[in-house]
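Report on the structure given below.
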């Protein structure tokens with residue numbers, strides 16, 4: 001089953017809000033909304049895996065790390081995200097990585 | 001000391017006959033201890049034996065001055081629990097060996113035992129210690145709530161936690177036992193272990209600090225001259241008192257590992273000796289063992305200094 005990680009993104013949140021509106025106006029059932037979200041999970045996972053090609057580098061200092069339930073969580077400070085064209089600087093970044101492979 | 005020449009069990013081994021004999025960590029290992037009655041007619045003709053003859057004569061001159069030298073040299077490692085009985089004559093007979101670890105090759109003046117201290121102090125690089133926190137722990141809770149923790153139960157059944165000051169790593173097990181590694185001194189190891197215990201305590205477990213014990217200490221240093229490992233292993237290939245483990249005090253397989261592995265018996269320390277002159281000492285439970293082992297090996301290494 002695909003990670004529901006991406007529901008709390010700009011795209012995912014917009015979708016959820018739209019679905020909530022539709023439920024409010026009784027145009028769809030909550031069950032259908034749930035199915036939509038599940039489909040969204042699958043679609044976003046495959047799209048990111050297959051259709052995204054660009055690459056961003058980032059560098060910063062590590063504040064904390066955690067690995068539990070096969071999920072890595074990092075908190076970095078003073079990070080620079082660098083793409084070919086752009087540079088974004090950030091004070092604090094939390095990175096969450098579900099990692100399903102058991103071979104480290 | 002007739003047995004001197006009959007080292008039958010060990011004949012086949014690399015060392016020249018008689019090289020087995022114990023005592024001085026010098027290269028003329030052939031000198032049996034108290035055999036000093038006569039210069040043993042050494043049957044082998046290799047150069048070492050000639051050297052021995054030389055030394056023997058020297059020593060016999062000096063022997064009168066050797067009072068209780070063997071006993072006196074606290075420093076000399078009992079490197080050879082010689083398989084032979086030669087050691088038995090140790091007390092008493094004209095101690096052939098000037099127990100000085102010094103001046104291996106040269107005809108010796110009976111130097112005073114602790115004569116040259118090397119002036120080099122090994123630096124401690126790593127200390128491993130264990131402590132019992134005294135209560136069962138829920139590793140998942142710890143991994144989720146503590147910072148800088150890893151827990152992958154499929155791979156290893158402990159939480160791996162690190163702290164920055166002192167920079168150390170701890171393995172915390174569900175039984176409540178913990179291993180702390182990476183500290184550079186005993187006090188730092190204890191302090192780090194206490195910090196980990198406090199982290200666990202703050203997460204809600206009734207942690208205590210029981211049975212803190214340092215299990216291993218690693219030190220390293222540099223003698224500042226290159227060393228002839230081949231020579232060292234030739235003269236120090238002897239049966240140790242733990243033949244079931246390794247029949248040799250030193251083993252050197254350059255194709256396997258570029259360092260010579262020297263297993264000192266007293267103190268029980270393993271040294272890795274490299275051609276560059278760098279030495280790694282490990283296996284100590286207390287700091288003094290590292291220092292003692294280095295003081296023991298330094299004279300031997302000086303004797304095998306590369307002169308080219």
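Just so you know, all these numbers are worked out from the coordinates, no wet-lab data involved. Bear in mind the structure is a predicted one, so any value in this text is a computation, not a measurement. In this analysis, Cβ positions are derived from the backbone assuming ideal geometry, glycine residues included, and neighbour counts consider all displayed protein chains.
Structural remarks
- If you check B:191, B:203, B:232 for being within 30 Å of residue B:303 (Cβ to Cβ), surrounded by 14 or more Cβ atoms within 10 Å (Cβ to Cβ) and touching a residue at least 24 places away in the same chain (Cβ under 8 Å), only one passes: B:232.
- Subset tally (residues that are more than 14 Å from chain A (Cβ to nearest Cβ) and not in a loop (DSSP other than H, G, I, E, B)) for the range B:123-143: 10
- Counted residues, the range B:144-173 - those being in contact with a helix residue (DSSP H, G or I) (Cβ under 6 Å, 6 or more places away or on another chain), within 14 Å of another protein chain (Cβ to nearest Cβ) and in a loop (DSSP other than H, G, I, E, B): 1
- The single condition from (1) within 27 Å of residue A:1 (Cβ to Cβ); (2) more than 14 Å from every other protein chain (Cβ to nearest Cβ) that residue A:78 fails is (1).
- Residue match in the range A:38-45 (condition: facing another protein chain (nearest Cβ under 10 Å) and within 24 Å of residue A:88 (Cβ to Cβ)): no
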